[in-house]
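> Mind looking over this structure? Questions follow.
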């Protein structure tokens, strides 16, 4: 299988503090890769290095075949990103947001038009497209946010706790969108706190105190730890953490 | 380039959609001009004065008539005895007394020079200063008129010269000051808030992960405020010409060029603040405290810098508004050209470069 993300002993230090310690893993094309860990385990730091927001202290990594030290600009063209915070402009309308983000990714007017029509249709937002985003319910905002993150057909999309604060039904719909994206060939790299969501991933890694303590399919992990749910796997590993959550 | 335009369009939507911002942006200069131009004007009208006339001759009478005719003074009493003047001051009824000594007119005609005494109530030093200045101007005028038909010039001893602002119009000093203040406030506050808002909302992260260059993020934030600030400069100038009757004596083009330089200074300061501040409130507080106070104190438009202790005078040199104020005053009121203000322009340019470098460098560090 082709690896679209490869890291080798990737490390980030902030002074004496080692946020991520020698993490090595591969993410394969087209899969949903769950990146789990307690608060403060180093997930966000790892993600920031992979998205080019932060330079690693040591180790190496490639994303979509490009080096994270030297080719961040090319990486940026090939990835989508959705952050923990809701990150569309609330004082712009649905269409204006789509047009803006399509615009800064360099899509042509024609492509933006086509894609936004399709997207609005798909999300059932047709009657809301001229409304300010701030007026939409949180669930809609998250779904719109995700759709905007994959608007430019990236190879990989990074989702940083995308479903925080969203009700179970909307979360389920959100995952439908994720599956739809993978069927188009997008690789999904997702962090989450919800263990039911971990079950939806093809493979997951669990970070504890800056290191990857487990990496496999949910099925194999449950078997390895001899437990019935991902919840228990996570609990067994996270209990050993020395770092206090932030 | 197309990405850049998309971004600028979005910035304009933000500004135009936010009524409060719009109000600050365009209301502020109008309110400031009106407050400073009229309410806070140090122009004095109808100040009560008394004249003690020991001379009682033609010259003293003519000067008295001129004083009475001016709209600055209201002649309360004539021919008071000298000791009654003090009583008038103590009651606070009169602000100024003019004493013509005996033989005033005779001295002037025979010796070609005469002295008159002006006594002011200096409990309000600014007012006293303004009034004595008005009075000396009136006397000077009279003397000029007198000398037109004289072979040997006659001199009346009040030696105050008032360059550039013979009527001591309040607006003369205020308009350049208000321009510096408004630009400083609008640019610094608006840019820092708009950048910090993106950080607060989390959209900054999205922008930084996108292929859009971080420098362009900054530039596209700056462009709309540069344009809006130039609109502000234009509206202040229009107000000053048509409402305050204060024409621009020098080149309007030069004035706009210098204003652009100062706007860039302010924008880079706003950027510097936005790099440091994490919330919009912090950004606003720093802009208000860090920019408004020094601008008010050290630009020289409210408090004369020459009267400050040496240390503060040195500090004032680092305040960009001081140099901009000098430049605008020179162009608007004195009608000077670039050759007269190249030094100030160069200093302002240097300060701008410094802030721009520091803030761009800091912005990069945050990305690492």
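Derivation of every value follows stated rules applied to the coordinates shown; laboratory data play no part. Keep in mind that this is a model prediction, so the values were computed, not measured. A quick note on method: Cβ atoms are made from the backbone with ideal geometry, for glycine too, and the neighbour counts reach across all protein chains shown.
> To test your reading of the geometry: what angle, between 0 and 90 degrees and rounded to tens, separates the Cα axis of helix B:252-276 from the longest principal axis of chain B?
Once rounded, the angle reads 50 degrees.
> At 7 Å along Cα-to-Cβ for each site, give me the label-to-label distance between residue B:276 and residue A:172 in nm.
5.2 nm
> Below 8 Å between Cα atoms, with a sequence gap of 6+, how large is the relative contact order for segment A:139-246 in percent?
Rounded, it is 20 percent for segment A:139-246.
> What percent does the relative contact order of chain A come to when contacts are Cα pairs within less than 8 Å and at least six residues apart?
27 percent
> Oh, and also: Using Cβ contacts closer than 10 Å as the measure, can you line up B:70, A:108 from fewest to most?
A:108, B:70
> If you average the sequence gap of Cα pairs under 8 Å that are 6 or more apart and divide by the length of chain B, what percent do you get for the contact order?
Working: 496 pairs, mean separation 64.1, N = 368.
17 percent.
> Can you sort A:104, B:263, B:24 by how many other beta carbons sit within 10 Å, fewest first?
On the way: A:104 23, B:263 26, B:24 16.
Ordered by Cβ neighbours within 10 Å, fewest first: B:24, A:104, B:263.
> Please identify, among B:45, B:95, B:221, the residue showing maximal mean-square fluctuation in a Gaussian network model of chain B using a 10 angstrom Cα cutoff.
B:45
> If you line up the long axis of helix A:94-104 against the longest principal axis of chain A, both from Cα atoms, how many degrees apart are they, to the nearest 10?
Roughly 70 degrees, rounded to the nearest 10.
> Given points 7 Å out from each Cα along the Cα-Cβ axis, report the residue A:67 to residue B:86 separation in nanometres with one decimal.
9.2 nm
> Just B:18, B:245, B:53 to compare: in a GNM of chain B, with alpha carbon springs under 10 Å, which one fluctuates most?
B:18
> Cut-off 10 angstrom, C-alpha nodes, Gaussian network model of chain A. Which of A:199, A:161, A:224 fluctuates the most?
Comparing A:199, A:161, A:224 in a Gaussian network model of chain A, the most mobile one is A:224.
> If packing is taken as the average number of other Cβ atoms within 10 Å across a peptide's residues, how do B:247-253, A:8-14, A:82-88, A:192-198 rank, most packed first?
Most protected by this proxy first, the peptides run A:82-88, A:192-198, A:8-14, B:247-253.
> Something else about it: Averaged over peptide B:128-138, how many Cβ atoms belonging to another chain are found within 10 Å of each residue's Cβ?
0
> Now for a different question. What average number of partner chain Cβ atoms lie no more than 10 Å from the Cβ of the residues making up A:83-93?
The per-residue average across the peptide is 5.
> Report, in whole Å, the centroid distance computed from the Cα atoms of segment B:231-269 and segment A:98-177.
44 Å
> Mind checking the mean number of beta-carbon atoms from other chains within 10 Å of the Cβ atoms in A:20-28? Intermediate results must be reported in sequence, preceding the final value.
On the way: counts 0, 0, 0, 0, 0, 0, 0, 0, 0.
Average per residue, whole number: 0.
> What is the distance, in nm, between label points placed 7 Å from the Cα along the Cα-to-Cβ direction at residue A:232 and at residue A:57?
3.7 nm
> Share of Cα-Cα pairs in chain B beyond 29 Å, in percent?
Distances greater than 29 Å cover 53 percent of the Cα pairs.
> OK, next. Given the DSSP H assignment, sum -39500 (n - 2.57) over each helix run of at least 4 residues in the protein assembly as shown and divide by its residue total; what's the result at 222 nm in deg cm²/dmol, nearest 500?
-17000 deg cm²/dmol
> If I fit a long axis through the Cα atoms of helix B:2-17 and take the longest principal axis of the Cα atoms of chain B, what angle between them do I get, 0 to 90°, rounded to 10?
50 degrees
> Here is a follow-up. Using the per-residue mean of other Cβ atoms lying within 10 Å as a proxy for protection, in what order, highest first, do the peptides B:270-277, B:226-233, A:153-160 fall?
Top to bottom by mean Cβ count within 10 Å: B:270-277, A:153-160, B:226-233.
> Quick one: length gained pulling residue B:74 to residue B:216 fully straight, 0.36 nm per residue minus the C-alpha distance?
Gain in length upon complete extension: 44.9 nm.
> What is the fewest-to-most order of B:86, B:76 by other Cβ atoms lying within 10 Å of their Cβ?
Fewest to most other Cβ atoms nearby, the residues stand as B:86, B:76.
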